[in-house]
Amino acid sequence: MELLGGTRHSSRMIANFAWLRPEPHGLHVVPADCWIDPSRPVARALVTHGHADHARGGHGQTIATPETLAIMELRYQTREGALPVHYGETLRLPGSVEATFVPAGHVLGSAQIVLEHAGERVVVTGDYKRMPDPTCPPFEVVPCDVFVTEATFGLPVFCHPPIEREIGKLLETRADHPERCVLVGAYALGKAQRLIAELRRAGYHDTIWLHGAMERMCRLYEEFGISLGDLRLVTEATKDALRGAIVVCPPSALNDRWSRRLPDPITAMASGWMRVRQRARQRNVELPLVISDHADWGELTRTIEEVDPVESWITHGREEALLRWCQLHQRRAQALALVGYEDEDD
Ligand SMILES: [Zn+2]
Ligand SMILES: [Zn+2]
């Protein structure tokens, strides 16, 4: 763990925050004996959102938004010990700790967790973004003492384009190839629904065809009031019906034999990593769509400025560059070595 000195808030020291301890498998809220996004089963877990690297099954009690709990129930087939907390609601935990869930703008149900204890406030972002997303409420800036921020795209090279531009590319490609179809790889939780909702917002109201693995999560979004328009399963279609269509599948299905049933598909993928040409090539992606549910470099640094914490704890990605940026801007920061976070959800 590397500590960098700063001068901006020299009157306060990080030692004050002994009540929140970064351990390799998660953040331990010591007085309440609970964990944030633990990567192994614990007695009491606070979960920021439903992606598999944050939300695991097997906890004694799981505290999360109703949407996140529903996603976890869908994925782990259990609702035992679930304690729902709505956005803005404050929960009193043992040891005089208060926890409030605040929108993170990442996926349906995603929350920042605001912890208060002994007059100090910590905000844990989980994953977040600042760009608008029709499937979840926007990120809220909460001033705090310690800001635990993700850094998935924590390099200056990452500057996500406006989603309208990427959706435009997708619609143009489809229109140019009426005999073929466009097959878009998108993560089953979040990316797929955002992509579909943005296509609708852009005026595309044809049937969107789904791989079977997408169906239940899309239905769950609709149950929470996110309308996605006419969705049908590819298995219900003839090859001819799919000409000129848009088909959405999990990234893992992009190159497998499943796609042989499609009429000469043009392979696309929606991910922040599509900014990196090599990643697109690895998956044989012809149409890379740079659509990310994480903050890019500009959003990460702007958010630290707006939240203006005494100290930032950087985790979950490319910590070094953001650490250096903090140093250059006289902001105290350290990188956390948490394990078990993957890029499931870019
Ligand atoms: Zn994540
Ligand atoms: Zn995530």
| message | Name the residue from 338, 171, 82 whose Cα lies farthest towards the positive end of the charge dipole of the chain, charges +1 on Cβ of Lys and Arg and -1 on Cβ of Asp and Glu. | response | 171
| Whole-angstrom Cα spans of segment 212-346 along principal axes, big to small | 61, 37, 26
| Quick one, what does Rg over Rh come out to for segment 197-288 if you take C-alpha atoms and the Kirkwood Rh? | 0.96
| field | Cβ charges +1 (Lys, Arg) and -1 (Asp, Glu), total dipole of segment 176-327, debye | value | 700
| remark: In order over segment 105-114: 3J(HN,Hα) from phi, Karplus 6.51/-1.76/1.60, θ = phi - 60°, whole Hz, x for each Gly or Pro, gives x, 9, 8, 3, x, 5, 9, 8, 10, 9
| field | Vicinal HN-Hα couplings computed from phi for segment 250-265 (Karplus, 6.51 cos²θ - 1.76 cosθ + 1.60; Hz; Gly/Pro x) | value | x, x, 5, 8, 4, 10, 9, 5, 3, 6, 5, 6, 8, x, 6, x
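Counting Lys and Arg as +1 and Asp and Glu as -1, each charge on the Cβ, what is the dipole of the chain about the Cα centre in debye, to the nearest 20? All intermediate terms of the calculation are to be shown ahead of the outcome.
Working: 38 positive and 47 negative charges, 136 e Å.
Charge dipole, the chain, about its Cα centre: 660 debye, nearest 20.
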| message | Please list the three semi-axes, largest first and in whole Å, of the ellipsoid equivalent to segment 112-199, using sqrt of 5 times the eigenvalues of its alpha carbon gyration tensor. | response | 36, 13, 11
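Tell me, what is the FRET efficiency for residue 157 and residue 90 to the nearest 0.05, using R0 = 30 angstrom and their Cβ-Cβ distance as r? Each step should come with its number before you reach the end.
On the way: r = 39 Å, r/R0 = 1.30.
The value I calculate is 0.15.
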| For segment 158-199, what is the charge dipole size about the Cα centre, in debye to the nearest 20, if Lys and Arg each add +1 at the Cβ and Asp and Glu each add -1 at the Cβ? | 140
| From phi via Karplus (6.51, -1.76, 1.60), per-residue ³J(HN,Hα) for segment 34-41 in Hz, x at Gly/Pro | 9, 10, 9, 6, x, 8, 9, x
| request: Place +1 on the Cβ of every Lys and Arg and -1 on the Cβ of every Asp and Glu in the chain, take the dipole about the Cα centre, and give the residue among 151, 185, 26 whose Cα lies farthest towards its positive end. | output: 185
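Can you sort 181, 218 by how many other beta carbons sit within 10 Å, fewest first?
Details: 181 25, 218 19.
If I rank by nearby Cβ atoms, fewest first, I get 218, 181.
Just order 146-157, 162-173 by mean Cβ neighbour count inside 10 Å, highest at the front, would you?
Details: 146-157: 22.2, 162-173: 15.9.
Listed from highest to lowest mean packing, they are 146-157, 162-173.
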| field | Volume of the Cα convex hull of the chain, divided per residue and given in Å³ | value | 123
| Setting aside same-chain residues fewer than 8 positions from residue 191, which aspartates and glutamates have a Cα under 15 Å from its Cα? | 127, 133, 164, 166, 215, 222, 293, 343, 344, 345, 346
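Read the figures in this text as sums done on the coordinates, not as results from a lab. As the structure is a prediction and not an experimental result, all values here were calculated from the model. Positions of Cβ are generated from backbone atoms using ideal geometry, with glycine treated the same way; all protein chains shown enter the neighbour counts.
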